[in-house]
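Below you will find the structure I want to go over with you.
The values are calculated or read from the model by the stated rules, or taken from the named source; none is laboratory data. Small disclaimer: the values here were computed from a predicted structure and weren't measured. Heavy atoms of the whole protein, side chains included, go into the accessibility calculation; ligands, DNA and RNA do not. Shrake-Rupley method; radii C 1.70, N 1.55, O 1.52, S 1.80 Å.
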Amino acid sequence: MSVLADVTGNLGSIGYGLAAIGPGVGIGIIFGQGVQAIARQPEAYGLIRQNMILGFVFAEALALIGIALAFVFRT
């Protein structure tokens with residue numbers, strides 16, 4: 001079996017770059033849908049805003065876990 005490509009260097013940075021796409025898209029969806037929900041029901045602003053911030057925190061935590069794992073599992 002032959003080796004098709006020899007990849008050297010820090011693959012953790014490439015892995016984190018790919019892993020950051022998910023939380024980035026998630027945060028965009030959270031705030032986009034939140035603004036749309038506030039526009040439809042302005043009286044529920046407080047509850048919607050609270051849920052938006054909570055969703056943002058969870059999505060951002062995934063990004064921070066990803067960067068921590070990129071440093072832990074260096075190749």
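By how many nm would the segment from residue 25 to residue 11 grow when fully extended, if each residue of separation counts as 0.36 nm and the alpha-carbon distance is taken off?
2.8 nm
Then there is this: By how many nm would the segment from residue 18 to residue 53 grow when fully extended, if each residue of separation counts as 0.36 nm and the alpha-carbon distance is taken off?
Computed gain between residue 18 and residue 53 is 10.2 nm.
Another question, then. Taking 0.36 nm per residue of sequence separation and subtracting the Cα-Cα distance, how much length would be gained by fully extending the chain between residue 36 and residue 68, in nm to one decimal?
Computed gain between residue 36 and residue 68 is 8.2 nm.
Then there is this: Which value, in Å² and to the nearest 10, is the accessible area of residue 71 when all protein chains are kept and the probe is 1.4 Å?
130
At 1.4 Å probe size, with no ligands or nucleic acids counted, give the accessible surface of residue 25 in Å², nearest ten.
Rounded to the nearest 10, the figure is 80 Å².
Separate question: Given a 1.4 Å probe and heavy atoms of the protein chains only, how would you sort 53, 38, 14, largest accessible area at the top?
Of 53, 38, 14, the descending order of accessible area is 14, 53, 38.
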